[in-house]
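Student: Below: one structure in structure tokens.
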Amino acid sequence: MKDDFPYTASNINLLWSSVLIEELIRHNITDFCLAPGSRSTPLTLAVANHQRAKTHVHFDERGLGFLALGISQASQKPVVIITTSGTAVANLYPAVIEARQSAIPLIIISADRPLALIDCGANQAIDQQYIFANYPIFFSQLAQPSTEITANYLLTTIGHALNKQQNHLGPIHFNIPFAEPLYPTSETVDFQNYLSSLKKWPNNNLPFTQFIKAENTSLASSTFLVASNRLSAKKVIVIMAKMNNQAQQQAIETFCQQHHLVLLTDIQSSQFSATNALNYYDLSLTNNHFKELLAQADIIVQFGEQLVSKQLTSFIEHFDGELHLVHPSDNRIDPNHKVDIRYHCYATQWINAQELPSLSIQTAWFNALHQCHHDLAEQIIKPFLAQQPFSEMTVIDLLDKILAKQFVDNNPLFIGNSMPIRLADMFMKKNQCQVFTNRGASGIDGLLASAIGIAKYSQKITTLVIGDTSFLYDLNSLALLKQLESPFIIIVFNNDGGAIFNHLPVPTEQKEAFYQLPHGLTFQASCQQFGIDYHNPNQLNDFEASYNLCLQGKHSLIEVTFENQQNVTQLAQLKEQIKYATT
């Protein structure tokens, strides 16, 4: 029972904020990301004064939003972001978009000016209603705090929004106008009579409204009988796309082992080291024989969300068989518009409902596909990597081996967008790190802040692989590193601009000036400014030695510099060899 609820406060703003924060915490929401600001003072003080609130503070709202994304990804819980009014709110937009696209439960609470101060030239007053358009799955323009409105209104609105978020993961937004006074004074008001409509709420630890949801943890097999009939004695490919639930990931791997099903694992599944997975599938799909064998499948069953590999996405687009997709959300996951059957359930629910015979596999096809894949990996891909000089692909390959030796307890590995995630998806096959990405909108903004959020929650040694342009974009988030206890290792691939545009049909005349934007910068001085250890290896042995040193330090940056055209040239050479290989 609670016996410390603050019935007294200096003003109604402070009281409403205390009620709001208390209700969020009763819903087991305990992480609050805050940026400094005056108009949000009632909310800030309510968080600061609550014993169960974990606070994360940053001066940059854009970075703060991505920090919250990282904490939410790692904790798999909603995270609250509190900002003051004006452009501070607008700076959250990129993180809100990523949260919606990646189904991450952020809760934005923006302080606002009273309605009378909007559209009249008042300072720091902008129109904040629906500022994020349709990206939040719920928006509420809360009433200005007043004793004329019962606190029940506030609590039921919060409960409704959180219940909707549980059923449809994504960001929600509360915009709340505060009129002065905003700060506490020595004088207080007794609000016990005002709060009497809440009945027992002030004195217990329960949410004001409780929502009961039927959890179908074990579904009747008849629900999925159509799937069992279709899968039995068929050629089946299982794809593990983006997933962050280890129990679900491992259940899929075990299911495929038990039934000898072909398994393709996206880097975002964190199961790319599965013993039965066809690694290097992105590269192998360049080979006509491998692609033809794979195309003989009758059914593809995809678990999870987005895929990194364009080769695999293209294969699915042109696949003649059935495509089944399994994911518990109601998000539309069908970029090729090819899904035949969509199951809104968890992987374990789907698997438990299957009634496949243990020998339902097409043995000849399965063996031929695995043999073809083995030959390409052993005769082409691995020898090619062994012969290459210091480059992006060889560093990724070596990092994969280093992580496999160093970490066996799912240490976080955050991989940036553009080329790093594509190279990791192609070449990482051994390590057992828990992989995190921001692939909902696949932007280059906020990657460092998100990775730090993950590290802050996990309290484990965390590695970030990021491109130079992405790193420049989020450079001020280095200030967040001082909040971490465990070592944080940044690996920056510096190829002097957007080298990914070398892989795209950009007109040569405009490519450098309008796309790649070479900057001519290195990051040693930035490390000095933020007190970070700096390493700049130019050989694979030196890279491994540098990484091992980083494990013993505090926070470190390894900058590996490459010629801008090197990666596109190497990949073209490798794919040419794979394309014409006979297996």
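Student: What's the FRET efficiency of Ala386 with Ser329 using the Cβ-Cβ distance as r and R₀ = 60 Å, to the nearest 0.05?
Tutor: Numbers: r = 42 Å, r/R0 = 0.70.
Using R0 = 60 Å, I get an efficiency of 0.90.
Student: Where does each of Lys460, Lys430 land when they are ordered by accessible area, with a 1.4 Å probe and the largest first?
Tutor: Working: Lys460 70, Lys430 110 Å².
I get Lys430, Lys460, largest accessible area first.
Student: Let me ask something additional. Using protein chains only and a probe of 1.4 angstrom, how many square angstrom of Tyr7 are accessible, to the nearest 10?
Tutor: Counting only protein heavy atoms, the figure is 50 Å².
Student: Rolling a 1.4 angstrom probe over the protein chains, ignoring ligands and nucleic acids, what is the accessible area of Thr583 in square angstrom, nearest 10?
Tutor: Surface open to solvent at Thr583 totals about 60 Å².
Student: A further question follows. Quick one: what are the phi-derived ³J(HN,Hα) couplings along the range 395-403, Karplus 6.51/-1.76/1.60 with θ = phi - 60°, whole Hz, x for glycine and proline?
Tutor: 5, 4, 4, 5, 4, 4, 5, 5, 5
Student: Determine the gain in length on full extension of the stretch Glu292-Leu521; use 0.36 nm per residue of separation and subtract their C-alpha separation, reporting nm with one decimal. Intermediate values should be presented prior to the final figure.
Tutor: Details: separation 229, 0.36 × 229 = 82.44 nm, distance 4.55 nm.
Here the answer is 77.9 nm.
Student: Just want to confirm a number: the relative contact order over the range 32-95, from Cα pairs under 8 angstrom separated by 6+ residues, in percent.
Tutor: Averaging sequence separation for qualifying contacts and normalising by length gives 46 percent for the range 32-95.
Student: If you look at just the Cα atoms of the chain, how large are its Rg and its Dmax in Å?
Tutor: Values for the chain (Cα only, Rg and Dmax): 26.1, 84 Å.
Student: In addition: What residues of the range 298-321 lie in the reach of a label at Thr363, counting those whose backbone N is under 20 Å from a point 7 Å from the Cα along Cα→Cβ?
Tutor: Counting backbone N atoms under 20 Å from the label point, the list is 298.
Student: Which residues' amide hydrogens lie under 5 Å from the amide hydrogen of Ile81, considering only partners 5 or more residues apart or on another chain, with H built in the peptide plane?
Tutor: Result for Ile81 returns Cys33, Ile107, Ile108, Ile109.
Student: Rounded to whole Å and sorted largest first, list the principal axis extents of the Cα atoms in the range 473-553.
Tutor: 46, 31, 19
Student: While we're on this one: Keeping every protein chain in place, order Tyr473, Tyr580, Tyr93 by accessible area at 1.4 Å, biggest value first, i.e. largest first.
Tutor: Working: Tyr473 120, Tyr580 145, Tyr93 65 Å².
Of Tyr473, Tyr580, Tyr93, the descending order of accessible area is Tyr580, Tyr473, Tyr93.
Student: Right, next: Kindly write out, for the range 172-187 in residue order, the coupling ³J(HN,Hα) from the Karplus curve 6.51 cos²θ - 1.76 cosθ + 1.60 (θ = phi - 60°), rounded to whole Hz, with x marking Gly and Pro.
Tutor: 10, 9, 10, 10, 10, x, 10, 8, 5, x, 10, 9, x, 10, 6, 8
Student: Given Cα positions, please report Rg to Rh for the range 50-157, the hydrodynamic radius being the Kirkwood one.
Tutor: Details: Rg = 14.8 Å, Rh = 15.2 Å.
Ratio value, two decimals: 0.97.
Student: Another question, then. Among Ser458, Leu399, Phe436, which residue has its Cα furthest toward the positive end of the charge dipole of the range 353-461, with +1 on Lys/Arg Cβ and -1 on Asp/Glu Cβ?
Tutor: Looking along the dipole axis, the top candidate is Ser458.
Student: A follow-up question, please. If I stretch the segment between Lys554 and Ser38 completely, what's the gain in nm (0.36 nm per residue apart, minus their alpha carbon distance), one decimal?
Tutor: 182.3 nm
Student: To the nearest Å, what is the center-to-center distance of the range 327-405 and the range 1-70, using C-alpha atoms only?
Tutor: One Cα centre to the other: 43 Å.
Student: Kindly sort His50, His56 by accessible area of their heavy atoms, largest first, with the probe set to 1.4 Å.
Tutor: Per-residue accessible area, sorted high to low, gives His50, His56.
Student: Once you charge only the Cβ atoms, +1 for Lys and Arg and -1 for Asp and Glu, what is the size of the charge dipole of the chain about its Cα centre, to the nearest 20 debye? Write down the numbers at each step before the final one.
Tutor: On the way: 36 positive and 49 negative charges, 203 e Å.
Dipole about the Cα centre, nearest 20: 980 debye.
Student: Can you pull the one-decimal nm distance between simple spin-label points at Gln166 and Thr209, each 7 Å off the Cα toward Cβ?
Tutor: Spacing of the two 7 Å Cα→Cβ label points: 1.2 nm.
Student: For the pair Ala48 and Leu475, how long in nm is the line joining their label points, each one 7 Å along Cα→Cβ?
Tutor: About 3.1 nm separates the two model spin labels.
Student: Hey, quick one: spin label on Ile341, modelled 7 Å out along Cα-Cβ, who in the range 300-327 has an amide N within reach, i.e. under 12 Å?
Tutor: Backbone N within reach: 300-302, 322-326.
Student: Show me the trypsin sites (Lys or Arg not before Pro) within the range 1-75 that DSSP assigns to loop and that have at most 14 other Cβ atoms within 10 Å of their Cβ.
Tutor: Lys2, Arg52
Student: Hey, with R₀ at 22 Å, roughly what FRET efficiency would Glu485 and Lys405 work out to, going by the Cβ-Cβ distance, to 0.05? Numbers along the way, then the final one.
Tutor: Numbers: r = 23 Å, r/R0 = 1.07.
Computed FRET efficiency for Glu485 and Lys405: 0.40.
Student: Please list 3J(HN,Hα) in residue order for the range 271-283, calculated via the Karplus relation 6.51 cos²θ - 1.76 cosθ + 1.60 where θ = phi - 60°; whole Hz, with x for glycine and proline.
Tutor: For the range 271-283, the Karplus-derived couplings read 10, 5, 8, 4, 5, 9, 7, 8, 6, 6, 5, 4, 6 Hz, x marking Gly and Pro.
Student: For the chain, what's the relative contact order in percent, using C-alpha pairs closer than 8 Å and at least 6 residues apart? Please list the in-between numbers first.
Tutor: Numbers: 1121 pairs, mean separation 77.5, N = 583.
Relative contact order for the chain comes out at 13 percent.
Student: Compute the length gained on full extension between Asn245 and Asn352: take 0.36 nm times their separation in residues and subtract their Cα-Cα distance, giving the result in nm to one decimal. Show your work: numbers first, answer last.
Tutor: Numbers: separation 107, 0.36 × 107 = 38.52 nm, distance 1.69 nm.
Here the segment from Asn245 to Asn352 would lengthen by 36.8 nm.
Student: Under the rule of at least 5 residues apart or a separate chain, name every residue whose amide H is placed under 5 Å from the amide H of Ala9.
Tutor: Answer set, sorted by chain and number: Val189, Phe191.
Student: Using a simple spin-label model with points 7 Å from Cα along the Cα→Cβ vector, what separation in nm is obtained for Thr254 and Glu187?
Tutor: 6.6 nm
The values are calculated or read from the model by the stated rules, or taken from the named source; none is laboratory data. All values derive from a computational prediction rather than experimental measurement. No Cβ is skipped: glycine too gets one built from the backbone with ideal geometry, and neighbour counts run over all protein chains shown. Calculation scope for accessible area: heavy atoms of the full protein, side chains included, ligands and nucleic acids excluded. Shrake-Rupley method; radii C 1.70, N 1.55, O 1.52, S 1.80 Å.
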